[in-house]
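The structure appears below as structure tokens.
The values are calculated or read from the model by the stated rules, or taken from the named source; none is laboratory data. These figures come from a predicted structure and were not determined experimentally. Cβ sites come from the backbone with ideal geometry, for glycine too, and all protein chains shown count toward neighbours. Keep in mind that these areas ignore ligands, DNA and RNA; they rest on the heavy atoms of the full protein, side chains included. Shrake-Rupley method; radii C 1.70, N 1.55, O 1.52, S 1.80 Å.
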Amino acid sequence: MENKNSTEISLLLEAAERMDKKNPPPEDQNEFQTRLTSLRQSPLLAEYELDENDLRIITILFNNYLNGLQGLKIKQLLKTFGINKMEVVSFIKRLKKLEKKGLLENEEDDFKEAFHPANLFRSPWELSREFIEQILLLEEESVVEIKPYEDHEEYLNDQFKRVGGIERPRFMPKFRGGKLRFSSRSRRRPETTIKQLEEEIAKRLKKTGSSFPLEELKKKHRLTREEELILIALLQAEKNEEAPIDLEELIDLVNESDGENESVNRRYFDKNGKLIKQKLVVIEEESHPVAGFKTKTAKLDEKVLRSLLRRKRKSADQMLMKDRFFELVKPEISLQQVILHPKTMDQVRAVIELNSGQVSLLLNEWGFKLNPKIQTRSKKRQAAIAILLYGHPGTGKTLTASAISAELKRELLTFDCSTILNSYVGVSEKNVKMIFTRYREIASGMKNPPILLLNEADQFLHKRISASKGVDHMYNQMQNIFLEQLEQFDGILIATTNLVDNMDSAFSRRFHYKIEFSRPGLEERVKLWKALIPEKTPLAGDVDLSILAKRFDLSGGQLTLVIRNAAIKAARRGTQLCQQDFITTCEEEMAGNFDEKARGRVGF
């Protein structure tokens, strides 16, 4: 069976034969030019828009291939074409251009190329495998019936083939803007092959009765082909649960697609770019202080991802089922049951009233311009408030956070910040970002977003230090990420800390409310004694709670322990709790307390 490209093959061979002749007569030269023109306009090569010198290179390499020889090095090609040293750079650019079009391949090592361009001279150039197959029709041709897509999965697999020629991750050092970055070197299938695939997808879509989310998204946002390819690459990575794609890798993808220079293609990831502005793609920056560089990665917005994969939004219970960091708590204590200093209680009530919307509406009517994030912007969106509860241990910070959530009729999503640290470089920093990412995922599955409680957030809030070793860099980087995430947080966040004097001022500015929890005064201690002893507890006639409150300066947390330990003493005896039981356990608690301020007794 005759190859339909036999005419082009014949022209290539004849052109190569004439190029081998030394000092050919003028009539041969004219015929050679005619052959090249015919080749350039042939169905096989017309779409590549080649010039005469491009065709000469292809002709020589094709002849070389048919003779069973390996590719030619630049030195051999230069000699064949009689090119002098002044034209070497221009010739190399021509070879690289043909490589980009999918016509040539070079076996030079990608890693070495980043630092040693001279390696271009040491490795051979040859026609690409895809182009050889295209010329010789090595893949048997047959009339393929265009069939409609059977399902969404089949459609997505075809879309993924458009970017499937990129090998990832394959990162290599690269200098950009005077700094060392890491990007990927990619070898994609020829652009013509991708366009053939796109034509096939279009034909199949035309025969398919239903539409798909990606097609609807393209129309809605009027995406360009390059923007579409970026979304497909990100979707493929998310679906395969791969790491987020490096921004440099996506820029390489677009470079291959539209042929424009790299700086122009960065516009897709600018804050005013359509993908970012319309919240289709999220850009995240990660610093590597020890290595001294930053990387940027991209991922699809969570809502967009669910839509494109036709995934139903998971409920909070489903997401928390295997979560080892978070606990969702339904508060069972009201603010009336919490005993606080009057000033502290007033501040807590102010937070609750501000979030109800009535206070902020009145202030707006009066002309006060509040932080836009604090104002309730719509009925569906919660106000963004960051609250810091700080003070001595055992003074009711966590209990108050639970009461605030009860008053606002929200659940409490708690995170123990002591679990954030990891001995591996970079893991602790990623865990900080993970707190906020997971909160958004869980909150998106709930009608009424929970309050995020960061318990014992001391390591985020202490003063930053001059970094002299790796662990210092880690703590400073954790704090920088926490500051950044706090600034962007859209919800209600409560952080508790025992720090009083060693807090970084930068964090103070990020919290809308900073409420100090001081040790309870006499009046509060009396109320705590009465509230913490269960009604069914048998008390002896000599028990005087007011005397105990005057005599011992204990916090609510300490009183809980004291009362429990006194009850154990009485239970072991099988008698009522007496005054001496409470005195003994109070003295034991104060003797074993590490807080020097709590060691003193109020009076006797």
Taking amide H atoms as placed 1.01 Å from N in the peptide plane, list the residues 5 or more away in sequence, or in a different chain, whose amide H sits under 5 Å from that of Lys514. Leu388
Need the full-extension length gain, Asn157 to Asp542, defined as separation in residues times 0.36 nm minus the C-alpha distance. One decimal, nm. 130.6 nm
With DNA, RNA and ligands ignored, accessible area of Lys299 (1.4 Å probe; Å², nearest 10): 60 Å²
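Ranking request for peptides 200-210, 430-440, 540-550: highest mean number of other beta-carbon atoms within 10 Å first, then the rest in descending order.
Values: 200-210: 12.6, 430-440: 17.6, 540-550: 15.1.
Those peptides, ordered most packed to least, come out 430-440, 540-550, 200-210.
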Determine, for each peptide in 482-488, 557-563, the mean count of other beta carbons within 10 angstrom over its residues, then list the peptides with the highest first. 557-563, 482-488
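How charged is the neighbourhood of Gln347? Take every other residue with its Cβ under 12 Å from the Cβ of Gln347, and add Lys/Arg as +1 and Asp/Glu as -1. Walk me through the numbers on the way to the answer.
Working: positive: Lys343, Arg349, Lys514; negative: Asp346, Glu353, Glu516.
So the surrounding residues net to 0.
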Quickly work out the Glu587-to-Lys274 label distance, labels modelled 7 Å from Cα along the C-beta direction, and quote it in nm with one decimal. 8.0 nm
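Would you rank Asp553, Asp416 by solvent-accessible area, highest first, keeping every protein chain in place and using a 1.4 Å probe?
Numbers: Asp553 30, Asp416 65 Å².
From most exposed to least exposed: Asp416, Asp553.
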Using heavy-atom solvent-accessible surface (probe 1.4 Å) with all chains present, what is the largest-first order of Tyr475, Tyr65? Tyr65, Tyr475
Return the long-range amide H neighbours of Glu126 (sequence gap of 5 or more, or a different chain), with a cut-off of under 5 Å between placed amide H atoms. Glu105
Compute the length gained on full extension between Glu284 and Ile568: take 0.36 nm times their separation in residues and subtract their Cα-Cα distance, giving the result in nm to one decimal. 96.8 nm
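Do the alpha carbons of any pairs in Lys96/Lys195; Lys239/Lys271; Lys73/Lys161; Lys409/Lys536; Lys96/Lys274; Lys203/Lys239 sit beyond 23 Å of each other, and which pairs?
On the way: Lys96/Lys195 21 Å; Lys239/Lys271 25 Å; Lys73/Lys161 32 Å; Lys409/Lys536 30 Å; Lys96/Lys274 31 Å; Lys203/Lys239 25 Å.
Checking Cα-Cα distances, Lys239/Lys271; Lys73/Lys161; Lys409/Lys536; Lys96/Lys274; Lys203/Lys239 exceed 23 Å.
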Cβ-Cβ FRET estimate between Glu327 and Thr224, R0 fixed at 56 Å, reported to 0.05: 0.80
Taking 60 Å as R0, compute the FRET efficiency from the Cβ-Cβ separation of Asn498 and Leu217 and round it to 0.05. 0.80
Arrange the residues Ser10, Ser405 by how much accessible surface each exposes, largest first, with a 1.4 angstrom probe. Ser10, Ser405
Quick one: if you stick a label point 7 Å off each Cα along the C-beta vector at Arg204 and Ser42, how many nm between them? 3.1 nm
For Glu587, what accessible surface area do you get with a 1.4 Å probe? Give it in Å², rounded to 10. 60 Å²
What nm value, rounded to one decimal, do you get for the distance between Glu365 and Arg349 when each label is placed 7 Å out toward the C-beta? 2.1 nm
